[in-house]
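Here the structure is laid out as structure tokens; the discussion comes afterwards.
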Amino acid sequence: MHLIRTDAVVKRHGPKFTLGPMDLTLQPGEVLGVMGPNGAGKTTLLRLIWGFLRPDQGSVSVFGVQPHLNQASVRLRAGYLAESPHFYGWMTARRHLKFVSEFYEGWNAAAADGLMERFGIDPDKRIQQLSRGNRIKLGLVAATGHNPRLLLLDEPTAGLDPLVRRDILGFLRSLSKDCGAGIVLSSHISDDLDRIADAVLMLNQGRVLEYAPAAALIKSYGRPRLEDIFIEALKEAGARRNGFY
């Protein structure tokens with residue numbers, strides 16, 4: 001069974017923005033990279049998958065159910081990290097994880113503590129005193145402490161230095177390949193997706209420019225970097241709209 005399946009899904013935000021129609025799937029152990037500029041629809045897609053939003057047309061299936069109608073069952077088996085995650089700044093990192101763990105029967109405290117140590121997070125430090133990089137890492141620990149089968153990440157590496165990004169991407173790669181978790185990772189940093197994405201969805205103004213395995217896109221366009229492919233796909237889409245071919 002697919003972890004995620006969308007069929008001709010459409011979501012509108014007012015009269016000026018429409019995401020889709022879009023068909024995509026995600027398998028266990030696969031990393032789907034979602035790339036595009038701000039306003040392309042990346043966050044809207046993640047919110048549809050998480051169940052924050054309901055589609056206007058078409059359907060979204062997560063673990064075989066509609067997420068907006070089955071939020072609790074989906075979230076017990078999935079994790080989500082927003083672009084700007086909310087924390088109670090007065091809590092210590094340890095207290096935050098204890099708070100999150102109370103929502104999950106399958107919380108793995110030993111694994112969460114081990115991941116905090118691996119990421120170099122001081123468990124007794126107040127969250128308001130942590131660097132942005134360590135807050136994002138703490139958010140990842142909180143999102144994965146219940147061993148989710150699916151992880152949704154909205155721009156998790158934006159604004160982070162290369163060493164922190166490398167740590168996070170290495171963890172995500174091991175989570176997908178060693179643990180079989182499916183991951184949807186949105187990012188405007190194409191280098192991150194070059195390193196980790198098995199398949200890539202390219203969006204611009206809600207429209208799908210490309211959706212294919214990363215290797216297939218690289219072969220089709222004859223370019224080694226996803227950023228170059230995105231730029232070329234954007235030019236081709238503009239030419240089609242203007243009737244050049």
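The values are calculated or read from the model by the stated rules, or taken from the named source; none is laboratory data. Everything numeric in this text was worked out from a predicted model, so none of it was measured. When we count neighbours, we look across all protein chains shown, and the Cβ atoms used for this are built from the backbone with ideal geometry, even at glycine.
What the table shows:
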{"read-out": "Boolean, LEU169 is touching a residue at least 12 places away in the same chain (Cβ under 8 Å), closer than 16 Å to GLU83 by Cα, in contact with a Gly (Cβ under 6 Å, 6 or more places away or on another chain) and of a type outside the set (Asp, Glu)", "value": "no"}
{"read-out": "Test: residue in the range 65-73 that is surrounded by fewer than 19 Cβ atoms within 10 Å (Cβ to Cβ), out of contact with any Gly (no Cβ under 9 Å at 6 or more places or on another chain) and either farther than 22 Å from LEU48 by Cα or modelled with pLDDT of 95 or more (or both)", "value": "yes"}
{"read-out": "Matching entry among LEU163, LEU175 (being without any contact (Cβ under 8 Å) to a residue 12 or more places away in the chain, under 17 Å from GLU117 (Cα atoms) and surrounded by fewer than 22 Cβ atoms within 10 Å (Cβ to Cβ))", "value": "LEU163"}
{"read-out": "Residue selected from the range 68-115 under the condition of a type in the set (Asp, Glu) and in a loop (DSSP other than H, G, I, E, B), by the criterion nearest to GLY182 (Cα to Cα)", "value": "GLU83"}
{"read-out": "Among the candidates LEU76, LEU53, LEU32, residue that is in contact (Cβ under 8 Å) with a residue 60 or more places away in the chain and in contact with a strand residue (DSSP E or B) (Cβ under 8 Å, 6 or more places away or on another chain)", "value": "LEU32"}
{"read-out": "Members of the range 171-205 that are more than 17 Å from PRO28 (Cα to Cα) and β-branched (Val, Ile, Thr)", "value": "ILE189"}
{"read-out": "The range 192-203 residues that are at pLDDT below 95, paired with ones that are assigned to a helix (DSSP H, G or I) and not β-branched (Val, Ile, Thr) (beta carbon under 7 Å, 6 or more apart)", "value": "ASP192/ARG165; ASP192/LEU169; LEU193/LEU226; ASP194/LEU226; ARG195/LEU169; ILE196/LEU169; ILE196/LEU172; ILE196/ARG173"}
{"read-out": "Residue selected from the range 10-20 under the condition surrounded by fewer than 15 Cβ atoms within 10 Å (Cβ to Cβ) and of a type outside the set (Lys, Arg), by the criterion farthest from ARG77 (Cα to Cα)", "value": "PRO15"}
{"read-out": "Residue within the range 214-233 that is under 18 Å from ALA158 (Cα atoms), over 17 Å from the mean Cα position of the chain (by Cα) and surrounded by fewer than 23 Cβ atoms within 10 Å (Cβ to Cβ) present", "value": "yes"}
{"read-out": "Residues of the range 1-17 satisfying the condition of being assigned to a strand (DSSP E or B) and under 30 Å from GLY29 (Cα atoms)", "value": "ILE4, ARG5, THR6, ASP7, ALA8, VAL9, VAL10, LYS11"}
{"read-out": "Every residue from the range 43-67 that is in a helix (DSSP H, G or I) and over 29 Å from SER101 (Cβ atoms)", "value": "THR44"}
{"read-out": "Where a residue in the range 106-126 is surrounded by 15 or more Cβ atoms within 10 Å (Cβ to Cβ) and its partner, wherever it lies, is among the hydroxyl-bearing types (Ser, Thr, Tyr) and in a helix (DSSP H, G or I), with Cβ under 6 Å and at least six apart", "value": "TRP107/SER101"}
{"read-out": "Matching entry among LEU153, LEU115, LEU169 (being touching a strand residue (DSSP E or B) at 6+ places or on another chain (Cβ under 8 Å) and of a type in the set (A, V, I, L, M, F, W, C))", "value": "LEU153"}
{"read-out": "Enumeration of residues in the range 143-154 that are buried (at least 21 other Cβ atoms within 10 Å of the Cβ) and either of a type in the set (Phe, Trp, Tyr) or assigned to a loop (DSSP other than H, G, I, E, B) (or both)", "value": "GLY145, HIS146, PRO148"}
{"read-out": "Positions within the range 21-42 being within 24 Å of SER73 (Cβ to Cβ) and either outside any strand (DSSP E or B) or charged (D, E, K, R) (or both), in sequence order", "value": "ASP23, GLN27, PRO28, GLY29, GLU30"}
